[in-house]
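The values are calculated or read from the model by the stated rules, or taken from the named source; none is laboratory data. Note that the structure is a prediction, hence the values are computed from the model and not measured. A quick note on method: Cβ atoms are made from the backbone with ideal geometry, for glycine too, and the neighbour counts reach across all protein chains shown. Each accessible area value is taken on the protein alone, full model and side chains, heavy atoms only, with ligands, DNA and RNA left out. Shrake-Rupley method; radii C 1.70, N 1.55, O 1.52, S 1.80 Å.
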Amino acid sequence: MSALALPSPREEAWRWSALAALPALAEATPRADALPVAPAFGGPHLTFIDGVYRPERSNPGPVAVGAVDAASAHPLARLATAPGWTLALGDDHAAGLVEIIHVSTGGANHVPARIALAAGAQARIVETFVGDGWANRLTAIALGKGARLMRALRLTQASGFTSLRDEAEIGEGASLVTVALGAGGAGSRIDAALTLTGTAAYAEMGGALLARGEQRHEAAVVVRHEAEKGVSRQIWRAVADDTASASLAARVEVAEGAQKTDGEQSLRGLLLKRAATVNLKPELEIFADDVKCAHGATVGELDAQALFYLASRGVPPAAARALLTHAFVADALDRIGEEAVRDAFIADADAWLEAH
C-alpha cells in the first residue's frame, strides 16, 4: 500500500473528494481491539473485523464466504481483492433479511462482495459499518428477470473513511433499491454505476448524509438506461453543520433506443450553519426522444417561519431544529421498505441530531 495511487481532485469526478488521509490509514496497523457488535435484526448475519471474516460471530445462512468473482477498474474498488462474501440465489428463491457487520479498528481493509439473483429471486441486505479506519468495499450485483433486491447501508464509523462502490446490472423487470445513511464521524464516498440492461427494469439509490465538524461526505451515482421502459429514482438528502461539507452528484444516462425511460433525481441540501457547504450536481444525458426525465436540486436553511411557529407553541429552539431536520432526513429514509430497518436508521439519524 506504500504506492497507493489515488484519484486527483483535479479530475471532475473527484473534485469534491477528500482522500488525503487515506495513505496514512493504508499504512496504519489495526488495533484488533474490537468490541463485539451484535446483529440488530436477527436471522443470518456475517461479521468482518478489519476485513477478516469471523465465523464465531456469524451465522451466514445462504451467504458464502471466500474468494469473490468481482473485479473493477474503479480506482478505489480495484483494491478490494481479499476474500469476501457472495449471495447467489437460484430462480424464485428468497433470502430473509441478511445483515453484514463491518468492524474496523484502524488501518485499512478492502472487501469485495457479489450478489447474483436469478429470475424471480428476492433478497434483503443490511450492511453496517462501525469503528475506526478505512473500510473500502466493492459490491458487484447482477439481477435476473424479475429479481428483487433491497439494500440498506448504515455508515456509522466513529472516525476514518468509508468508501463504497456498487456496480450493478439490472435485468428485465428486475428491481434494485439501495438506501444509505451517513451518520457517523468518518468521511465517506458512496459511488455507484447502475445499468438497466432489461426492459422495464427499476433502479433506486439515495439516502441521507449527515456531516458536522470538518467532516466530508460524498455520493456519486451514475444510472444508465440501456433498454426501454426503465424507471430510475435518485433521492438524496444532505445535512451539513459547522464547517462540514456534503456533496451529491447524480447522473442519468439514457442510451439511444431506451425509449419510454422515466428518470428522476431529487437532491436537497440543508445548511445548519452558514459556514457549512452542500454541493449538488444533477446531470441528464439523453439520446432517446420519448422519455420523461427530471431533476431538482435545492440548498437552504431551516424555515424561519416554521421555527417561529414551533417556538410560539412552546417548543425549545434546539428541539424545533431537530424536529424540522428529522422531517427533512426522513423524506429519504422512508424509502426503506423493511420496517425494523427503517426504524433503526431513523433512530441513528435522531441520535446524530440529538448530539448537536
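Could you tell me the relative contact order of the chain? Use alpha-carbon pairs under 8 Å, at least six residues apart, and round to a whole percent. If you can, show how the numbers build up before the last one.
On the way: 1027 pairs, mean separation 36.0, N = 356.
Normalised by residue count, the contact order of the chain is 10 percent.
With the alpha-carbon atoms as the only input, what is the per residue convex hull volume for region 12-304 in Å³?
Numbers: hull volume 36.6 nm³, N = 293.
So the per-residue hull volume is 125 Å³.
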If r is the Cβ-Cβ distance from Ala347 to Leu4 and R0 is 25 Å, what FRET efficiency results, to the nearest 0.05?
0.10
Expected vector for region 66-75, Karplus 3J(HN,Hα) from phi with 6.51, -1.76, 1.60 and θ = phi - 60°, integer Hz, x for Gly and Pro, equals x, 4, 10, 7, 8, 8, 8, 8, 4, x
Taking only protein heavy atoms and a 1.4 Å probe, what accessible area per residue, in Å², does the chain have with all protein chains in place?
41 Å²
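What order do you get for 304-317, 35-48 when each peptide is scored by the mean count of other beta carbon atoms within 10 Å, highest first?
Most protected by this proxy first, the peptides run 35-48, 304-317.
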How about Lys292: which lysines have a C-alpha closer than 23 Å to its C-alpha, ignoring those fewer than 8 places off in the same chain?
Lys229, Lys260, Lys281
With viscosity set to 1.002 mPa s and temperature to 20 °C, compute the Stokes-Einstein D of region 97-163, Rh being the Kirkwood radius across alpha carbon pairs; µm²/s, no decimals.
167 µm²/s
For a quick check: with amide H placed at 1.01 Å from N, whose amide H comes under 5 Å from Asp50's, ignoring anything fewer than 5 positions away on the same chain?
Val103, Ser104, Thr105
Residue-ordered couplings for region 267-279, obtained by feeding phi - 60° into the Karplus form 6.51 cos²θ - 1.76 cosθ + 1.60 and rounding to whole Hz (Gly and Pro as x), are 10, 9, x, 10, 9, 8, 9, 6, 7, 7, 9, 10, 10
Along region 280-293, what does the Karplus equation 6.51 cos²θ - 1.76 cosθ + 1.60 (θ = phi - 60°) give for ³J(HN,Hα), rounded to whole Hz, x for Gly and Pro?
10, 9, x, 9, 10, 10, 10, 10, 10, 9, 10, 9, 10, 10
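In the chain, which longest range has no GluC sites (Glu not before Pro) that are both DSSP loop (not H, G, I, E or B) and surrounded by at most 13 other Cβ atoms within 10 Å? Intermediate values should be presented prior to the final figure.
Values: sites that count: Glu11, Glu214, Glu256, Glu301.
The segment 12-213 is the longest one with no such site.
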